[in-house]
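Visitor: Input: one structure, supplied below.
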Amino acid sequence: MKKPSMFRFKNITHRLIFSCVVAAIAIYGVSYWQAHKLLHKSVDAWLIDLAQSRIDTVANEMEGKLQAIERSILLSIYGIEKSAQNSNAVNQN
């Protein structure tokens, strides 16, 4: 006795329906995979841009603070040199 196969259909209509269902599942799977990959790529790019933006913002803030410190130091050095020149002028007189 021959055992009936699982995918043996009695008429062409059942074969067409089965093939359409299999094709639909394959198309859905490929589409889902592509959409998942595209979404993952887009989210990764967005997160990298966001992180880079935050890094740039903090870097600009730090640069401004460092420039303010540099100006303060230069003004202090200028003040010390001016005081030393005034002190030397007073000592010479």
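The values are calculated or read from the model by the stated rules, or taken from the named source; none is laboratory data. Note that the coordinates shown come from a computational prediction; the quantities given were computed from them, not determined experimentally. All Cβ positions, glycine included, derive from the backbone under ideal geometry; neighbour counts span all protein chains shown. In case anyone asks, the SASA skips ligands and DNA or RNA and just uses the protein heavy atoms, side chains included. Shrake-Rupley method; radii C 1.70, N 1.55, O 1.52, S 1.80 Å.
Visitor: Identify, by number, the condition in (1) open to solvent by less than 100 Å² (accessible area, probe 1.4 Å); (2) assigned to a helix (DSSP H, G or I) that residue 9 doesn't meet.
Guide: Tallying (1) open to solvent by less than 100 Å² (accessible area, probe 1.4 Å); (2) assigned to a helix (DSSP H, G or I), residue 9 fails exactly one: (2).
Visitor: Just wondering, is there one or more residues in region 13-30 that are loosely packed, with under 10 Cβ neighbours inside 10 Å and either touching a residue at least 24 places away in the same chain (Cβ under 8 Å) or outside any helix (DSSP H, G or I) (or both)?
Guide: no
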